[in-house]
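Note sheet for the following structure.
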Amino acid sequence: MAGTVRLRSCALLAVCFTVLSGCAQTPPDGGEPTPDRVDPAAFTAAGPWAAEFAEAALAPYQEEILSDGVITADERADARARTSKCMRSHGYRYEEHRDGAADIDPLHRQSESIEQVASYLADCSRRFDHDISMLFDAVRRNPEHRAEAAIQVACLQRSGVVGADYTERRWRSEQADDRFSFEQWSPEATQCRLDPLGLGRQG
């Protein structure tokens with residue numbers, strides 16, 4: 001591996017908020033604890049996000065942050081800083097950006113495969129950040145954990161991106177296909193994706 005590698009991590013992408021697919025998901029068993037999962041009942045303080053908090057509590061550090069049902073800005077910053085420090089111990093500078101990307105640079109001109117570097121990041125993430133950053137933003141943008149299709153369609157209609165006849169079922173279908181009948185990267189659609197309830201809490 002030479003030079004800077006720019007990654008887009010699920011934990012950082014705003015689009016992950018849409019259905020949390022590929023990030024923290026409630027398993028089809030209804031959230032029963034397993035050897036790798038904490039019982040969601042331990043996170044009742046997180047309210048409607050209890051299942052996702054349980055999914056994210058993969059290590060003692062994460063469980064300590066999540067146990068009170070709140071992720072503060074300082075806690076998110078600390079989780080990111082610890083992940084970066086962990087990557088430095090593997091010989092890489094790791095920097096996350098506000099646009100959802102992350103840069104990884106070798107510190108000692110070492111040459112390793114992208115797969116090997118990805119394994120370092122997976123290990124560091126599992127021990128520290130994992131879904132902490134994703135949940136911090138997800139809870140802020142949708143504190144009541146309302147259905148994503150409902151809040152997206154309402155926002156898109158309110159912004160004039162789609163008409164009154166555009167349905168939640170159609171949005172879910174287009175989301176699944178990643179092919180939308182509107183310009184998904186327009187300023188209005190992007191704003192709905194980032195802040196569908198207009199809470200102004202991003203960043």
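The values are calculated or read from the model by the stated rules, or taken from the named source; none is laboratory data. Keep in mind that this is a model prediction, so the values were computed, not measured. Every residue, glycine among them, receives a Cβ derived from its backbone with ideal geometry; neighbour counts consider all protein chains shown. Remember, those area values only see protein heavy atoms, side chains included, never the ligands or the DNA or RNA. Shrake-Rupley method; radii C 1.70, N 1.55, O 1.52, S 1.80 Å.
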Run the simple label-point estimate for GLN110 and ALA41 please: 7 Å along Cα→C-beta, distance reported in nm. 4.5 nm
What does the charge count around ASP131 come to, taking other residues whose C-beta lies under 9 Å from its C-beta (Lys +1, Arg +1, Asp -1, Glu -1)? -3
With a 1.4 Å probe and all protein chains kept in place, how do TRP49, TRP185 rank by accessible area, largest first? TRP185, TRP49
Taking Lys and Arg as +1 and Asp and Glu as -1, residues besides THR83 with C-beta under 9 Å from its C-beta add up to +2
How big is the range 100-187 in terms of Cα radius of gyration and Dmax, in angstroms? 19.0, 57
In the range 97-202, the GluC sites (Glu not before Pro) that sit in a DSSP loop and have at most 11 other Cβ atoms within 10 Å of their own Cβ are GLU144, GLU183
Gain upon complete extension [LYS85, ARG126; 0.36 nm per residue less C-alpha separation]: 13.4 nm
Among TYR92, ALA50, TYR61, the residue whose Cα sits farthest towards the positive end of the charge dipole of the range 39-114 (+1 at Cβ of Lys and Arg, -1 at Cβ of Asp and Glu, taken about the Cα centre) is TYR92
Just flag the trypsin sites (Lys or Arg not before Pro) in the range 38-145 sitting in loop per DSSP whose Cβ has no more than 13 other Cβ atoms within 10 Å. ARG98, ARG109
